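Scroll down for the structure; my scribbles are underneath it.
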Amino acid sequence: MKLGRLGPVGQEKPAILDADGHWRDLSDHVDDLTPASIAAGALERIAGIDPTSLPLAHSGQRVGSCLGEIRNFFCIGLNYAQHAEETGAEKPKEPIVFSKSTSSICGPNDPIIIPRGSEKTDWEVELGVIIGKRAHYIDEDSVFDHVAGYCVINDVSERSHQNERGGQWIKGKSNENLAPTGPYFVTKDEVADPQKLRLWLKLNDKMVQDNFTSDMIFNIRQIISHMSQFMILEPGDVIATGTPEGVGMGMRPQVFLKPGDLVELGVEQLGEQRQEVVAAS
């Protein structure tokens with residue numbers, strides 16, 4: 001299934017994509033797509049619905065983040081071999097785990113808002129994994145029993161806040177609209193092998209990132225099992241699994257986003273995003 005949320009910010013309604021690529025309204029069957037609804041069995045209920053029996057959603061609506069009320073938004077740093085190389089960093093011996101503030105989450109086509117005073121706002125296309133069942137001290141073989149699905153994420157990053165202001169990376173990852181998420185929550189049954197997906201990003205129509213999830217240093221099984229040794233992962237938690245080479249920080253000379261830029265990105269089978277870049281008001 002390809003699920004999503006449509007409507008103005010804070011008023012999104014759940015929807016499902018039918019076989020013809022049209023959004024169908026799910027709001028008579030589930031109030032919203034949230035961690036609580038996943039935990040309560042919403043995905044199983046939706047799977048039993050014939051999308052053609054649902055009313056068409058109104059066309060032209062804003063697409064919101066594919067999951068609402070996300071409690072935890074985790075990220076994995078330096079998880080692509082060539083990306084680690086372009087930044088001059090050594091390949092990590094264990095997954096580098098950090099968080100983004102959930103207040104940074106926005107829809108896949110909402111504008112990227114450059115933080116006030118920023119001169120180093122950067123892009124990062126990533127495969128997102130959505131947890132479907134509580135995971136604690138799990139082994140690698142059982143990881144996919146705890147996965148609900150996948151999504152596209154742009155882990156937008158302010159590099160000076162991330163690397164030059166002390167503390168942890170979260171400071172450069174968490175400002176307004178720095179986590180476009182969606183358009184689809186794609187259930188895991190739709191993706192045969194999440195380690196064989198192409199992911200790409202264009203800046204002003206120029207391809208700058210283009211690689212496959214097979215280049216991950218730590219794969220999804222390793223990431224989730226590792227994280228579960230240190231924390232409890234709950235339904236609806238989102239994990240951005242790292243970005244391939246081609247970020248602005250790694251270019252020579254470095255390139256960063258500016259108002260008026262256009263960012264387009266996607267992950268095979270999971271959909272595409274499109275963001276105009278604007279300055280903070």
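Read the figures in this text as sums done on the coordinates, not as results from a lab. These numbers were taken from a predicted model, which means no experiment stands behind them. Backbone-built Cβ (ideal geometry, glycine too); neighbour counts: all protein chains shown.
Brief remarks follow.
- Legend: residue pairs 91/196; 188/258; 2/93; 93/173; 133/258; 133/202, Cα-Cα distance threshold 32 Å; pairs beyond threshold, 188/258; 2/93; 133/258; 133/202.
- Computed over the range 148-248, the ratio Rg/Rh where both radii use C-alpha atoms and Rh is Kirkwood: 0.96
- For the range 15-173, the Cβ-based charge dipole about the Cα centre amounts to some 620 debye (Lys, Arg positive; Asp, Glu negative; other atoms uncharged).
- Efficiency of FRET between residue 1 and residue 90 - r from beta-carbon atoms, R0 45 angstrom, step 0.05: 0.65
- Student exercise, the range 1-52 dipole from Lys, Arg, Asp, Glu Cβ charges, in Debye to nearest 20: 140 debye
- Positive end of the dipole of the chain (Cβ unit charges, origin at the Cα centre): among 118, 275, 243, the Cα lying farthest that way belongs to 118.
- Given charges at beta-carbon only (K, R positive; D, E negative), |dipole| of the chain in Debye: 640 debye
- Selection from 131, 43, 87, by position along the positive dipole direction of the chain (Cβ): 87
- Eigen-decomposition of the gyration tensor built on the alpha-carbon atoms of the range 68-279 gives equivalent ellipsoid semi-axes of 25, 18, 17 angstrom, largest listed first.
- Loop-exposed chymotrypsin sites (Phe, Trp or Tyr not before Pro) per DSSP, neighbour cap 16 Cβ within 10 angstrom, longest uninterrupted part of the chain: 1-136
- In range of the label at residue 268: residues from the range 40-82 whose backbone nitrogen is under 19 Å from the point 7 Å along Cα→Cβ: 80-82
- Label-to-label distance, residue 279 versus residue 62, with points set 7 angstrom from Cα along the beta-carbon direction: 2.3 nm.
- Peptides 38-50, 54-66, ordered by how many other C-beta atoms sit within 10 Å of their residues on average, highest first, read 54-66, 38-50.
- Net charge in the neighbourhood of residue 248 (other residues with Cβ under 14 Å of its Cβ; Lys, Arg +1, Asp, Glu -1) is -2.
- Positive-end extreme of charge dipole, the range 150-228 - chosen from 166, 152, 213 (charges on Cβ): 166
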